[in-house]
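The structure appears below as structure tokens.
The values are calculated or read from the model by the stated rules, or taken from the named source; none is laboratory data. Just so we're clear, the structure is a prediction, and the values are computed from it rather than from any experiment. Every residue, glycine as well, gets a Cβ built from its backbone with ideal geometry; the counts of neighbours run over all protein chains shown.
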């Protein structure tokens, strides 16, 4: 079996790497049933875990619209004729019992952006810790920490903007370990030919969490007040944590209810995939051009994704002049498209590899290209009649 260091050596051709000899050398075990299987139960629980994570992450973006006194930042937009028709919706009366704060646009930017200062710190350490101790507890306590800090958000807002910024950064620290922890778990749970399906199911929860959280936060702010946004999603996070700790195991060998057939299927499909290499070949990794191509693509995607995720509700309030209720619904539309395409593309990717013998690298290149081009195009189009809904829905295809 080739070591990871040799796998990155210049002498290996791209096509040789893409042919995945490890999968060809190993005899293909008979697949275990999907229904009620431990691996798909893990995918479903992970789905709801990332649902909770992104709900906790984005609810402030909508709640902030209702937390800030409109007179502080809301200025009539004179630059676009299309925006004037939405200004009337801001006059609709709704529950305003929640406390209001006089935070200018710069302060709001710090509040929304502070999450990512914590988030970036724990990404790489999270992967190292997950490799050493397993992903179950790391992911579980990452979600729990974010949940607890979310429940404390109304208190921090009352204490002061500095306390709220620090709290959001701490939430980011907790969430930063979750994706590396999930990757570590799937390395022990996902059979190679089911990997795209299992990962797409689990990570699609992030998009659905955004889809549900944004409009629901707007409705809660409209009919109740913004503090209940944090309490509701915080309680959901605690319930998920209890189920995760009770039902999930780091590896198939220690799972309490997995069938013998499924355990053997997973282990046999992965036995030639696992490396005995203990050290990480950092120098060859850093010299790998395909790695930097992936980094560039991921950076470009995340730039758009997180800019919209964080600032779209504020933009729709300050510039397009939507009410908090309609704001949440419209802000969620792009992520509904993202969630739907993530589920379908995972199924399509495995189908192309298994049934049509497409190479893994071909599938990834084509899918990445389609996703980037469609999103870029949708950001620039102007649809006079349907731009409010259709343009937004195309953003995240």
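Could you list all residues from segment 245-263 that are farther than 18 Å from residue 187 by Cα, in contact with a helix residue (DSSP H, G or I) (Cβ under 9 Å, 6 or more places away or on another chain) and in a helix (DSSP H, G or I)? Walk me through it before giving the result.
Of all residues in segment 245-263, those farther than 18 Å from residue 187 by Cα come to 245-247, 256-257, 259-261.
Add one more test, that the residue is in contact with a helix residue (DSSP H, G or I) (Cβ under 9 Å, 6 or more places away or on another chain), and what stays is 245, 247, 256-257, 259.
Listed by number, the residues that qualify are 245, 247.
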Exercise for review: Go through segment 248-262 and give me each residue that's closer than 13 Å to residue 37 by Cβ and in contact (Cβ under 8 Å) with a residue 40 or more places away in the chain.
Suggested key: 252, 255, 257, 258, 259, 261, 262
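Each row is one residue, and each column tells you yes or no for (1) touching a helix residue (DSSP H, G or I) at 6+ places or on another chain (Cβ under 9 Å); (2) surrounded by fewer than 19 Cβ atoms within 10 Å (Cβ to Cβ); (3) touching a residue at least 12 places away in the same chain (Cβ under 8 Å).
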{"position": "284", "(1), (2), (3)": "yes, yes, yes"}
{"position": "289", "(1), (2), (3)": "no, yes, no"}
{"position": "324", "(1), (2), (3)": "yes, no, yes"}
{"position": "330", "(1), (2), (3)": "yes, no, yes"}
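Tell me, which residue of segment 121-135 that is assigned to a helix (DSSP H, G or I) and in contact with a helix residue (DSSP H, G or I) (Cβ under 7 Å, 6 or more places away or on another chain) is nearest to residue 246 (Cα to Cα)?
Within segment 121-135, the subset assigned to a helix (DSSP H, G or I) is 121, 123-133, 135.
If we keep only those that are in contact with a helix residue (DSSP H, G or I) (Cβ under 7 Å, 6 or more places away or on another chain) as well, we get 121, 123, 126-127, 129-131, 135.
Details: 121: 29, 123: 26, 126: 22, 127: 23, 129: 21, 130: 19, 131: 21, 135: 14 Å.
This residue is 135.
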Exercise for review: Can you confirm whether segment 269-289 contains a residue that is closer than 21 Å to residue 134 by Cβ and assigned to a helix (DSSP H, G or I)?
Suggested key: yes
Practice item. All but one of (1) under 29 Å from residue 279 (Cβ atoms); (2) surrounded by 23 or more Cβ atoms within 10 Å (Cβ to Cβ) hold for residue 192, so report the exception by its number. Key: (2)
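Residue check: is residue 193 modelled with pLDDT under 95, under 25 Å from residue 337 (Cα atoms) and in contact with a helix residue (DSSP H, G or I) (Cβ under 8 Å, 6 or more places away or on another chain)?
Answer is no for this residue.
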Point to revise | Condition met for residue 163 (crowded, with 18+ Cβ neighbours inside 10 Å and in contact with a helix residue (DSSP H, G or I) (Cβ under 6 Å, 6 or more places away or on another chain)) | key: no
Study note, to complete from the structure: Reported set for segment 149-160 where residues are assigned to a helix (DSSP H, G or I) and crowded, with 16+ Cβ neighbours inside 10 Å is 149, 150, 151, 153, 154, 156, 157
Review point. When residue 79 is evaluated against the numbered criteria (1) assigned to a helix (DSSP H, G or I); (2) at pLDDT below 85, which criterion, by number, is the only one it fails?
Key: (1)
Check your understanding: Counting only residues that are closer than 27 Å to residue 37 by Cα and outside any helix (DSSP H, G or I), how many does segment 189-227 have?
Key -> 2
**Study point:** segment 296-322, subset at pLDDT 85 or above and either over 17 Å from the mean Cα position of the chain (by Cα) or surrounded by 13 or more Cβ atoms within 10 Å (Cβ to Cβ) (or both), residue nearest to residue 54 (Cα to Cα)
**Key:** 300
Check your understanding: Is it the case that segment 342-353 has a residue that's within 26 Å of residue 59 (Cα to Cα), touching a helix residue (DSSP H, G or I) at 6+ places or on another chain (Cβ under 7 Å) and either assigned to a helix (DSSP H, G or I) or at pLDDT 80 or above (or both)?
Key -> yes
Review point. How many residues does segment 355-397 hold that are modelled with pLDDT under 80, surrounded by fewer than 15 Cβ atoms within 10 Å (Cβ to Cβ) and in a helix (DSSP H, G or I)?
Key: 7
